[in-house]
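The values are calculated or read from the model by the stated rules, or taken from the named source; none is laboratory data. The shown structure was predicted, so the numbers you read here are calculated from the model rather than taken from an experiment. Cβ: placed from backbone, ideal geometry, glycine included. Neighbour counts: every protein chain shown. Please note that ligands, DNA and RNA were not included when accessible areas were found on the heavy atoms of the full protein model with its side chains. Shrake-Rupley method; radii C 1.70, N 1.55, O 1.52, S 1.80 Å.
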Amino acid sequence: MHGSVTRIGLRSRLSNTLDDKLCCVKHDLLLGFLLLAMTGCGTTPEEPKPPERGVTRDLAQDRAGRVSGLTYDMSWEVPSDMGELVRGEETIAFSLSEPRKGLVLDFQQPRENVLEVKANGRPAECSYSPDHIQIPADALRDGTNRISIRFIAGGSPLNRHEDYFYTLFVPNRASAAFPCFDQPDLKARYRLALDVPGDWTAVANGRALSEERVGDRLRFRFQETKPLSTYLFAFAGGEFQVEESQWNGRQIRLFHRETDPKRAARNLPAIFELHRKALDWLEDYTGIEYPFDKFDFVAVPAFQFSGMEHAGAILYRDTGLFLDESATQNEILQRASLIAHETAHMWFGDLVTMRWFNDVWTKEVFANFMAAKIVNPSFPEVDHQLRFFVAHYPAAYDIDRTRGTNPIRQELENMNEAGSLYGPIIYQKAPIMMRQLELLIGEEAMRTGLREYLKTFAFANATWPALVGILDKLTEADLKMWSRNWVEEPGRPRITAELQMDGTQIGSLRLRQEDPLKRQLTWPQRMTPVIGGKGKPASFDVTVNDKTVVVNEAQGLPRPTFVLPDGRGVGYGLFELDERSRVFLLENFHTLPEAVSRAAAWMTLYDALLEAKIEPNGFMRSGLRALKTEPEELNVTFLLNTLATVYWGFLSEGERRTLAPDFEKVTWNLLLSARSPSLKAACFKGFMRIALTPGGIQRLRLVWEGRLNLQGLNLSEQDFMKLAWELAVRGGDDTQDVLAQQSRRIKNPDRSREFAFVAQAFPGDPDRFFESLKKKENRKHEPWVLQALTYLHHPLRAEKGIRYIRPSLDMLEEIQATGDIFFAKGWLDATLSGHNSKEAAQAVRDFLGSHPSYPRRLRAKIEQSADTLFRKVGAQTSR
Ligand SMILES: [Zn+2]
């Protein structure tokens, strides 16, 4: 899976109502009497206690030990009328031991949704508790069992729209749709029949075996799948166009709804080629042929994540595959990485799956790690060290520097909290850790170890310690200690360089790492200090195994003008600059010859700004100077992003207005002089974000009206939508007119709906719009909601936006419980990132203060998202 933001999860016992608890108490009493009555009888089966909500680790372990050889034979009927319910039937066949213990199935729907249960051919008297159906012991037998259930499916994991639907079951939503064993280590083979409206098509994990027309309906039968975890089982149907291509003599297909034939034609060859390359590469690296029977993928409008790796039927957000003509280099790279990431999951995640969701990060880190290896050869013109740095470090630090940070490997007691594990620590920090691990043990050992891991656990499940065990045999290093500090603990080291001069020469240069959280941890790692002198800066490869290490090669060199503890984007930590280096780099970092050094220096300066060691105006001036000469597009984007954050968040309004003409001028000139269309687009997007002067806004207006054509800048329908919103948020007299005109211009019906949705965030009545978000059904298109929220809390409207902060936090538990994985963190980011006032920070503090026993993980997510806000407020008061 792949996504840009995280979801916070906690649908736990806490959401049990008091009634549930009372029920449990009554039941326990009753059970006590029953057990008393049974004493001495000896042959009566045990009466199972009603299980806790969700899937606890204990329940999962018990079932994994007793259930095997699992198959689901199921048929689903999806009506064309959205008002009608989806019905399904299934037969679950498996081998069972200890039948006297009874058996718990997961189904997060009310009892009425279960129409009939038969166990081994006979009606079964089941008991029901929230999230579960309990099959009584007397209906079960030792060995093979068949449970047949007719049910009404839960709606939300089916994502139904008028003319299409798709399932999304990760992490624990399969049981919100149908009765099953919803845990990753009960892999099953699925046989699926799907009945859909006659003008639809359909796709699932297995190959379609037949397609039968019955009246105005179409019935698909799909081939039995290989063993899959519930979260990887998927199917979709609707009005999709199907494109076909070939890979090594096999057919691969894309299902999509793109209505612009030019946009489709422009993108299709690259989309297929990127998949083919990824598949070839993975077969070669792993030594294992593509493990599933067929390979299809679906481009879904407003899909919740960037992509989801259902075996043989990957789902993507359509905009991640179909790029605009104006796509930036970064977007082109992101697409390649996304495709490589999801394809890599076919081996890492789908073939070998984590035993329990606490190790969900392993599949994500391997997908990202492999994606980097796969994508690099396809972009020889790209500086990949730089690319890795900008794609991972800023986002990882954004979490790891906060109070709310978490370790890579987290505890997980219940599957209903699995959604809370995702985030940049998994997606960004873990790949940094993995690259360090590869530097430590070597590429060859890593590959050998991974091959053994995949072979050993194919079509089964594994844990991180099992992999560490395999790799540990291939290296001298103490991987267990290494893994404990990097993987099981949160945070990053504070790293300083200590320079001692011997006359005009360096006597010694030491790197020292400390644990800011006072646990005395060290993070053994490779680092690349860079020191500047006359001429080209010198860089060193240093392995920091201990608290301090001496950089031997630096001894005897002339006094440096600066010391950057990591100047080539390899080491991980909060790198502290001494005063002299800080002053020098703030003035001169843009003159460093290597692009990755400029990025690493800029990152270090940004950290210093957040630590209140650099003043925001000086930081802005330094960045603007750099923008004028920066040739690397990845760095331009990195600079523009950080500058925009500081510009809107850390400057006072007066400072911002003073700086705006310069910022606009530099960005506009860069746009005019940009040689590549993608750099031009990056600059235009940057300009759109920061335009504040009447002249700047007028430029946006002229571009939107089509009266100012910039050569080489190709704007898509989506760019024009965004432009209309950006004009609207700047609040001209004719905002409604701009929005109405833009709405008429849009040709694609999905985009048209998106535009209308987001436009509600603007005046007239944003209060009513916010109120409407309190209803779950109005939050169905999560990316639209987040976009609209961002405008509700835009810095230019922050004063009014403050009143939505508290109610947004009040809604958070429900947002987490009902939304998809990344939604709650996205909700928090969209709510808080536009603000920089004391009042906004206070609203968050008040909320945290008034909820001392708030769910831990959710609280951590708030602390992550509010971190920059707190620092912004701190920066204002310190000046
Ligand atoms: Zn993934």
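In region 471-510, the qualifying residues are those that are more than 28 Å from the chain's Cα centre (by Cα) and closer than 27 Å to A64 by Cβ, and the one that is most open to solvent (accessible area, probe 1.4 Å) is K473.
For region 530-541, check the following and say yes or no: at least one residue is of a type outside the set (S, T, Y), within 19 Å of R492 (Cα to Cα) and surrounded by 15 or more Cβ atoms within 10 Å (Cβ to Cβ).
Filtering region 530-541 for residues of a type outside the set (S, T, Y) gives 530-538, 540-541.
Now narrow it down to the ones that are within 19 Å of R492 (Cα to Cα): none.
No: zero hits.
Out of curiosity, is N485 in contact (Cβ under 8 Å) with a residue 12 or more places away in the chain and closer than 30 Å to D820 by Cβ? No. Within region 174-201, residues that are within 21 Å of K226 (Cβ to Cβ) reach partners that are in a helix (DSSP H, G or I) and among the polar types (S, T, N, Q) with beta carbons closer than 6 Å, at six or more positions or on different chains, in the pairs A174/T230; C180/T230; D182/S175; D182/T230. Away from the ligand (no atom under 16 Å from the Cβ), aromatic (F, W, Y) and either within 19 Å of L209 (Cβ to Cβ) or outside any loop (DSSP other than H, G, I, E, B) (or both) - does that describe any residue in region 227-236? Scanning region 227-236, I find at least one residue that is away from the ligand (no atom under 16 Å from the Cβ), aromatic (F, W, Y) and either within 19 Å of L209 (Cβ to Cβ) or outside any loop (DSSP other than H, G, I, E, B) (or both), so the answer is yes.
Of the residues I149, I133, which is touching a residue at least 12 places away in the same chain (Cβ under 8 Å), crowded, with 17+ Cβ neighbours inside 10 Å and over 20 Å from R66 (Cα atoms)? Talk me through it step by step, then tell me what you get.
Values: I133 fails: over 20 Å from R66 (Cα atoms).
The match here is I149.
In the condition set (1) away from the ligand (no atom under 16 Å from the Cβ); (2) of a type in the set (D, E); (3) crowded, with 23+ Cβ neighbours inside 10 Å, E342 is compliant with all but (1). Taken together, Q711, Q736, Q787, Q718 contain a single residue that is modelled with pLDDT under 95 and under 26 Å from F823 (Cβ atoms), which is Q718.
Given the options E116, E90, E84, name the one that is surrounded by fewer than 18 Cβ atoms within 10 Å (Cβ to Cβ), among the charged types (D, E, K, R) and closer than 22 Å to T167 by Cβ. Full working, then the answer.
On the way: E116 fails: closer than 22 Å to T167 by Cβ; E90 fails: surrounded by fewer than 18 Cβ atoms within 10 Å (Cβ to Cβ).
So the residue among E116, E90, E84 that is surrounded by fewer than 18 Cβ atoms within 10 Å (Cβ to Cβ), among the charged types (D, E, K, R) and closer than 22 Å to T167 by Cβ is E84.
For region 287-337, name all the residues that are in a helix (DSSP H, G or I), open to solvent by 10 Å² or more (accessible area, probe 1.4 Å) and within 16 Å of the ligand (Cβ to nearest atom). Steps first, answer last, please.
First pass over region 287-337, keeping only residues in a helix (DSSP H, G or I): 318-321, 329-337.
Keeping just the survivors that are open to solvent by 10 Å² or more (accessible area, probe 1.4 Å) gives 318-320, 329-332, 334-335, 337.
Answer for region 287-337, where residues must be in a helix (DSSP H, G or I), open to solvent by 10 Å² or more (accessible area, probe 1.4 Å) and within 16 Å of the ligand (Cβ to nearest atom): G320, Q334, R335, S337.
Within region 854-879, being farther than 23 Å from A395 by Cα and either of a type in the set (A, V, I, L, M) or modelled with pLDDT of 95 or more (or both) holds for one residue alone: Y854.
Considering only region 611-621, how many residues are open to solvent by 10 Å² or more (accessible area, probe 1.4 Å) and either of a type in the set (D, E) or part of a helix (DSSP H, G or I) (or both)? Can you show your working first?
Here is the first cut: in region 611-621, the ones open to solvent by 10 Å² or more (accessible area, probe 1.4 Å) are 611-615, 617-618, 621.
Restricting the remaining residues to those that are either of a type in the set (D, E) or part of a helix (DSSP H, G or I) (or both) gives 611, 615, 617-618, 621.
Of the residues in region 611-621, 5 are open to solvent by 10 Å² or more (accessible area, probe 1.4 Å) and either of a type in the set (D, E) or part of a helix (DSSP H, G or I) (or both).
Summed over region 347-370, residues that are touching a strand residue (DSSP E or B) at 6+ places or on another chain (Cβ under 7 Å) and more than 13 Å from the ligand (Cβ to nearest atom) total 2. What do you reckon, is A817 open to solvent by 10 Å² or more (accessible area, probe 1.4 Å) and touching a residue at least 60 places away in the same chain (Cβ under 8 Å)? Spelling it out, A817 is indeed open to solvent by 10 Å² or more (accessible area, probe 1.4 Å) and touching a residue at least 60 places away in the same chain (Cβ under 8 Å).
Restricting to region 511-529, count the residues that are aromatic (F, W, Y) and open to solvent by 30 Å² or more (accessible area, probe 1.4 Å). Walk me through it before giving the result.
Residues of region 511-529 aromatic (F, W, Y): 523.
From what's left, open to solvent by 30 Å² or more (accessible area, probe 1.4 Å): none.
So the count comes out to 0.
Within region 429-458, being open to solvent by 40 Å² or more (accessible area, probe 1.4 Å) and closer than 28 Å to F822 by Cα holds for one residue alone: R435. Pairing residues of region 721-745 that are open to solvent by less than 20 Å² (accessible area, probe 1.4 Å) with residues that are in a helix (DSSP H, G or I) and of a type in the set (G, A, S), at Cβ distances under 7 Å and at least 6 apart in sequence or on separate chains, gives T735/A728; V738/A724; V738/A728; L739/A724; L739/A728; L739/A759; Q742/A724. Out of the residues in region 821-879 meeting the condition of being among the aromatic types (F, W, Y) and within 25 Å of the chain's Cα centre (by Cα), tell me which one is nearest to T642 (Cα to Cα). Checked region 821-879; the qualifying residue nearest to T642 (Cα to Cα) is F870. Consider L679 carefully, then state whether it is in contact with a Cys (Cβ under 8 Å, 6 or more places away or on another chain), part of a helix (DSSP H, G or I), within 30 Å of L610 (Cβ to Cβ) and open to solvent by less than 50 Å² (accessible area, probe 1.4 Å). Spelling it out, it is not the case that L679 is in contact with a Cys (Cβ under 8 Å, 6 or more places away or on another chain), part of a helix (DSSP H, G or I), within 30 Å of L610 (Cβ to Cβ) and open to solvent by less than 50 Å² (accessible area, probe 1.4 Å). So is D846 open to solvent by 20 Å² or more (accessible area, probe 1.4 Å), of a type in the set (D, E, K, R), farther than 27 Å from M721 by Cβ and not in a loop (DSSP other than H, G, I, E, B) or not? Yes.
Being farther than 20 Å from T225 by Cβ, touching a His at 6+ places or on another chain (Cβ under 6 Å) and modelled with pLDDT under 95 holds for only one residue in P51, P45, and it is P51.
Every test in (1) within 26 Å of the chain's Cα centre (by Cα); (2) within 23 Å of K628 (Cβ to Cβ); (3) modelled with pLDDT of 95 or more is passed by T693 save one, and that test is (1). Within the option set L692, L672, being free of Cβ contacts under 8 Å to residues at least 40 places away in the same chain and not in a helix (DSSP H, G or I) holds for one residue only, L692.
Would you point out which residue out of E258, E273 is farther than 30 Å from F178 by Cα, touching a residue at least 60 places away in the same chain (Cβ under 8 Å) and more than 16 Å from the ligand (Cβ to nearest atom)?
Working: E273 fails: touching a residue at least 60 places away in the same chain (Cβ under 8 Å).
Being farther than 30 Å from F178 by Cα, touching a residue at least 60 places away in the same chain (Cβ under 8 Å) and more than 16 Å from the ligand (Cβ to nearest atom) holds for just one of E258, E273, which is E258.
Applying the criterion of being closer than 25 Å to F459 by Cα and more than 18 Å from the chain's Cα centre (by Cα) to the residues of region 371-393, the residue that is nearest to the ligand (Cβ to nearest atom) is I374.
Looking at A193, A208, A174 in this structure, which one is under 30 Å from Y422 (Cα atoms) and either surrounded by fewer than 24 Cβ atoms within 10 Å (Cβ to Cβ) or modelled with pLDDT of 95 or more (or both)? Working first, answer last.
Working: A193 fails: under 30 Å from Y422 (Cα atoms); A208 fails: under 30 Å from Y422 (Cα atoms).
Just a single option satisfies the conditions, and that option is A174.
Beta carbons closer than 6 Å, at least 6 apart along the sequence or on distinct chains, pair a first residue in region 434-463 that is of a type in the set (K, R) with a second that is open to solvent by 40 Å² or more (accessible area, probe 1.4 Å) for R451/G287. Within the set L651, L624, L640, the sole residue that is part of a loop (DSSP other than H, G, I, E, B) and not polar (S, T, N, Q) turns out to be L651.
Only a single item in (1) crowded, with 17+ Cβ neighbours inside 10 Å; (2) at negative phi is not met by N159, and it is number (2).
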